[in-house]
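Structure, as structure tokens:
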Amino acid sequence: MILCSQSQGASVFDEQGNEFLDFLGGYGSLNLGHNHPEIFEAVQKVSHLPNILQAAINNIPAALARNLAELAPGNLNKAFFCNSGAESVEGALKLAKITTGRKKIIYCHNSFHGKTIGALSVTGREKYQAPFKPLLEECIGIPFGDLSSLKDQLSPGDGAAFIVEPLQGEGGIIEPPPLYISKAKKLCSQYGTLFIADEVQTGLGRTGDLFACQLEGVSPDILCLAKSLGGGLMPIGAYITTDDIWRKAYGTMDKALLHTSTFGGNTLACAAALKTLEVTVRDELHLQAREKGSYFIGRLRQLKEKYPSQRCTGSWADDWYRVSTTPG
Ligand SMILES: Cc1ncc(COP(=O)(O)O)c(C=O)c1O
């Protein structure tokens, strides 16, 4: 364990000035690296504005919502802001339930969606779930990448949502078989089940496109974001959905306040996120991820050949999972 005394970009430095490349990247929250100066500056620039003012519409979150709508796939144009990935998943699950009037949530084995009770209930990791059981009812786990299990669960027509990471992050950087995401989305639409893409980790350029579901041309019904959205500086999460879903869920005065978050949409976090989107697009981080991803995977494969080791076999993932950072 090193005692870190400084960090900048992809590097951290110990007290002796030794430089280390940070490959953990804040579990995916440092797409822009450590201490990006433009994010600090953006936060500083709004320091005269009220940070939290529930009584009036604030133009910083409004601008962020607009820019997200511009960048997000399809007609995702309504954003709800919160403070973490788990909170965005909680919001997405509630949105699916109230919109469809159904209760069942389908999720994947080996997935990770957060550790609050709702998010944990759809996180396919027994280790994390076991000490907290019973969790939410009617959450059904299926193998990641398995369309026939998905169809079995969808076909009774009682599924509120299918939640999935387009590429499993915490579970070990696991890609599904080609076209899994697009076929799963089609199946969900067929059975009136909302498709939630959890891009808390894969979003904002990490997989070679701005959002991983775009690699298969998929526009989810609900898109969850967090982590790097805050530019590595501010905690912020969001879910984005369509106008139609939003109106069905919360579009009347009696329902408008059914899901809220006190710090959600605060000025400082939204200013950081606005700048993050600008830098991400301007610096074409998704293209950088492609280029660097191909470089790393190529060199790692060379190392694998040079130093062969016993690979785990017999796991459910073994047959067709490809561990790679390159898209498609
Ligand atoms: C895909 C995914 N969803 C949700 C979360 C939870 O995010 P947070 O730790 O901000 O609650 C994570 C965190 O690793 C994640 O990888």
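The values are calculated or read from the model by the stated rules, or taken from the named source; none is laboratory data. Keep in mind that this is a model prediction, so the values were computed, not measured. Quick reminder, even Gly has a Cβ in these numbers, built from the backbone with ideal geometry, and neighbours come from all protein chains shown. Ligands, DNA and RNA are excluded from the accessible area calculation, which covers all protein heavy atoms including side chains. Shrake-Rupley method; radii C 1.70, N 1.55, O 1.52, S 1.80 Å.
For the pair ILE57 and ILE297 in one chain, pulling the backbone fully straight at 0.36 nm per residue adds 81.8 nm over the alpha carbon distance. Loop-located GluC sites (Glu not before Pro) in region 93-158 (DSSP state not H, G, I, E or B) with no more than 10 neighbouring Cβ atoms inside 10 Å: GLU137. For the pair ARG66 and GLU38, label points projected 7 Å from Cα toward Cβ lie 1.9 nm apart.
Over region 42-281, give the accessible area per residue in Å² for a 1.4 Å probe, as an integer.
41
The dipole here belongs to region 1-110: it is taken about the Cα centre, uses +1 on the Cβ of Lys and Arg and -1 on the Cβ of Asp and Glu, and is about 1080 debye. Near the amide H of CYS139, within less than 5 Å, lie the amide hydrogens of ILE105, all on another chain or at least 5 residues away, with H placed in the peptide plane.
Only bridges with both residues in the chain count here: give the DSSP antiparallel percent, nearest 5.
Percent antiparallel among DSSP bridges in the chain is about 55.
Measure out, as a whole number of angstrom, how far apart the alpha-carbon centroids of region 1-40 and region 70-133 sit. That distance is 29 Å. Phi angles of region 214-223 translate, via the Karplus equation with coefficients 6.51, -1.76, 1.60 and θ = phi - 60°, into HN-Hα couplings of 6, 4, 10, x, 9, 10, x, 7, 9, 10 Hz per residue; Gly and Pro are given as x.
In terms of packing, defined here as the mean over residues of other Cβ atoms within 10 angstrom, the peptides 32-40, 14-22, 230-238, 117-125 line up highest first as 230-238, 117-125, 32-40, 14-22. When the P(r) is computed for the chain, the part past 27 Å accounts for 45% of the Cα-Cα pairs. Quick one: with all protein chains in place, what share of the accessible area of region 42-281 is carbon or sulfur, to the nearest percent (1.4 Å probe)? Roughly 56 percent of what the probe reaches on region 42-281 is carbon or sulfur.
For the residues HIS48, HIS113, a 1.4 Å probe over the protein chains yields an accessible-area ranking, largest first, of HIS48, HIS113. Once both labels are positioned 7 Å from their Cα atoms along Cα-to-Cβ, the gap between SER155 and MET1 label points is 5.2 nm. At an R0 of 41 angstrom, the distance between the Cβ atoms of GLN8 and LYS186 translates into a FRET efficiency of 0.40.
Full extension of the chain between LEU258 and LEU49 yields a length gain of 72.5 nm, computed as 0.36 nm times the residue separation minus the alpha carbon distance. Annotation for LEU136 and LYS306: the two label points, set 7 Å from Cα along the Cα-Cβ direction, are 4.7 nm apart.
Backbone phi angles across region 99-116, fed through the Karplus curve with coefficients 6.51, -1.76 and 1.60 (θ = phi - 60°), yield HN-Hα couplings of 6, 8, x, 10, 10, 6, 10, 9, 9, 10, 4, 6, 7, 9, 10, x, 10, 6 Hz in residue order; Gly and Pro are listed as x.
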